[in-house]
1. Do we have any residue at all in the stretch 216-223 that's under 18 Å from the mean Cα position of the chain (by Cα) and touching a residue at least 60 places away in the same chain (Cβ under 8 Å)?
2. Give the residue that is nearest to the chain's Cα centre (by Cα), with candidates limited to residues of the stretch 1-23 that are assigned to a strand (DSSP E or B) and β-branched (V, I, T).
3. Please indicate, with yes or no, whether at least one residue in the stretch 158-181 is part of a strand (DSSP E or B), in contact (Cβ under 8 Å) with a residue 60 or more places away in the chain, in contact with a strand residue (DSSP E or B) (Cβ under 8 Å, 6 or more places away or on another chain) and under 25 Å from L64 (Cα atoms).
4. Do you know which residues across the stretch 79-108 are under 28 Å from M148 (Cα atoms) and either assigned to a helix (DSSP H, G or I) or modelled with pLDDT under 95 (or both)?
5. Can you find even one residue in the stretch 67-78 that is farther than 29 Å from L146 by Cβ and either crowded, with 22+ Cβ neighbours inside 10 Å or touching a residue at least 40 places away in the same chain (Cβ under 8 Å) (or both)?
6. When A31 is evaluated against the numbered criteria (1) touching a strand residue (DSSP E or B) at 6+ places or on another chain (Cβ under 9 Å); (2) among the aliphatic types (A, V, I, L, M); (3) touching a residue at least 60 places away in the same chain (Cβ under 8 Å); (4) outside any helix (DSSP H, G or I), which criterion, by number, is the only one it fails?
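The values are calculated or read from the model by the stated rules, or taken from the named source; none is laboratory data. Since the model is a prediction, treat every value here as computed from it, not as a measurement. Cβ sites come from the backbone with ideal geometry, for glycine too, and all protein chains shown count toward neighbours.
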Amino acid sequence: MTPCNIAGMAYLNGLKIVALTDHNSCKNCPAFFAACAEYGITPVPGMELTTAEEIHMVSLFESLETAMRFDEALQAYRMQLKNKVEIFGNQFIMGPKDVVTGEDPWFLPGATSLSIEDAAAMVRSYGGICYPAHIDRESNGLLAVLGMFPDQPVFGLAELRERKNIELAEGRKLVVSSDAHRLWELNQAENFLHLDAAADDPPEAIRAALFRHLNGAQLEWQG
């Protein structure tokens, strides 16, 4: 699951927009942007943030620069637990062409000290979009942990791994994503969004259209 391999597999699967959302880190997003440029894919920078309640939250940003500033700010809330390489493997930070430039020493999937409300507020303060990840999974899904959508923070969006579980969203807008942790888990081009952008627009314009669409769903739910 290196940045170049993800971009290459996404291209083979016919995907046009792909978000890289490592656990509690955006550090591989610059290399992912470079890889996507070679394949004509629009990259979206982000992370899968783990709250103090052990809930996974998709956190997306419109620009790479903003994502990296958020990544830096998040470090103060991460658990300082050493990664056990012999069990979980290396947590490499990649540069262009998948050249290893560093390694994160702290266990990435560990919970942060941010509550779900504080996590959502922090992401949104950076202009990002935050919504619960894989709500149709028992592991680290919002519904599995809380049993319901909270009154606060308000989420007008939710992520599913499988469209058949649509009733779990309780009328919210959905993003159906692969939540892939292995290359062969990446979805084929079977899910889509209607965006007010052309397919040959530059990535910045397509990302802007994506964020208008997702922000519109959030505002619509808030009423």
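1. Yes: one or more hits.
2. First pass over the stretch 1-23, keeping only residues assigned to a strand (DSSP E or B): 17-23.
Now drop any that are not β-branched (V, I, T), which leaves 17-18, 21.
On the way: I17: 12, V18: 9, T21: 4 Å.
That would be T21.
3. Taking the stretch 158-181 first, the residues part of a strand (DSSP E or B) are 158-160, 173-176.
When the remaining residues are screened for being in contact (Cβ under 8 Å) with a residue 60 or more places away in the chain, the result is 159, 175.
Checking which are in contact with a strand residue (DSSP E or B) (Cβ under 8 Å, 6 or more places away or on another chain) leaves us with 159, 175.
The next check asks that each one be under 25 Å from L64 (Cα atoms); those that pass are 159, 175.
Within the stretch 158-181, one or more residues are part of a strand (DSSP E or B), in contact (Cβ under 8 Å) with a residue 60 or more places away in the chain, in contact with a strand residue (DSSP E or B) (Cβ under 8 Å, 6 or more places away or on another chain) and under 25 Å from L64 (Cα atoms).
4. As a first pass, look at the stretch 79-108 and keep what is under 28 Å from M148 (Cα atoms): 79, 108.
Within the stretch 79-108, M79 is the sole residue that qualifies.
5. yes
6. (4)
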